[in-house]
Amino acid sequence: MGCLKGIFRLIIVILVIYAFFFFNGPQAIKERFDSYTNPPREVLIKEEKDFGNLAYVSEEYTFRRSVTIGKYRKITATNKPTGQKISLIDLGDTTTINQADFYSTKIDLKLYQLMDTVKNSPIGLRDIEITQRGTILAKGKIVPYVHFKANIKGIPFVKVTGTIAAYNTKNADDGIVAKISKAVKQSKEDTSTKVVLSSRLSGNYSADATLDLIKSISFIGIN
C-alpha cells in the first residue's frame, strides 16, 4: 500500500512539472521578475517615492530595482556616460546608520556596520578610510555624505574609492514598502534611512556622477 502511495505521489509531481512547462511557466515567471525589476521609468518613480521624487533625475541615469533578501530593498541607478552604478538602499530602520551619524564621531564604526549589513557587492572591503566629509543640497533637503577609500579583502594592493550618503524619509502608506510589508505580514517603521552608495576601483570612480544624482532628487512635499 505504501508503495502505491509513493508511485501516486510521483505521478502527481510529474504531472505538475509537465503542466508547469506546458503552460509556459518559466516564461511567466521571467515576465513577472522583469516587470518588478525593470518596470517603466514612470512606474518605478511612482512606486518608489519613499526614496524621494526621482522624476527630476536626468535621463542619463537608468533605474533597475533589485530583488533583495531581508528587510532592506535596493534600486540601482546607472550613469550612462560613465557606466558607474549607484545604489539607493532602504535599510528598513534608522539604527544601522542615519543622517545624524555623519555629523558625529561614530561614522567610522557605522560605515563598517553598514558594509556588514548590506552586501552591495560580492567583494568585501577593509581598512575603510574617510577622505572627505560634506553636505549637498538636494531639492528640499540637505544630505550629508563622505568620500572614502578602502582595500579589497583578499586582494592586496587594490583600492577602491567611493561615496556614501544618507537621508531619512517617511515611508508612504501606499508605496511599494507598504505593499511588501502587507504581503509578508511584517511591520515597517514609519521612517527609515535611505543610503546612497557607490564605489569603483581607484582612478575610475566619478564622485560627480554620485553627487549629481543626489542633487536631482526632490524631497519637496516628502517628509
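Which one of VAL195, VAL177 is buried (at least 20 other Cβ atoms within 10 Å of the Cβ), within 20 Å of PHE63 (Cβ to Cβ) and modelled with pLDDT under 75?
Answer to the check: VAL177.
Which condition from (1) assigned to a helix (DSSP H, G or I); (2) open to solvent by less than 80 Å² (accessible area, probe 1.4 Å); (3) more than 12 Å from PHE51 (Cα to Cα); (4) at pLDDT below 95 is the one that LYS182 breaks?
(2)
Output yes when any residue across the range 90-100 is small (Gly, Ala, Ser), open to solvent by less than 20 Å² (accessible area, probe 1.4 Å) and within 22 Å of LYS215 (Cα to Cα), and no when none is.
No, the range 90-100 contains no residue that is small (Gly, Ala, Ser), open to solvent by less than 20 Å² (accessible area, probe 1.4 Å) and within 22 Å of LYS215 (Cα to Cα).
Six or more apart or on different chains, Cβ under 7 Å: which pairs go from a residue in the range 73-92 that's closer than 25 Å to GLY203 by Cα to one that's surrounded by fewer than 18 Cβ atoms within 10 Å (Cβ to Cβ) and of a type in the set (Asp, Glu)? Could you list them?
So the pair list comes out as ASN79/GLU60; LYS80/GLU60; PRO81/GLU60.
The values are calculated or read from the model by the stated rules, or taken from the named source; none is laboratory data. Worth saying up front: this structure is predicted, and the values here are computed from it rather than measured. Neighbour counts are summed over all protein chains in view; Cβ atoms, including those assigned to glycine, are modelled from backbone coordinates with ideal geometry. Quick note on the areas: whole protein, heavy atoms, side chains included, nothing else; ligands and nucleic acids left out. Shrake-Rupley method; radii C 1.70, N 1.55, O 1.52, S 1.80 Å.
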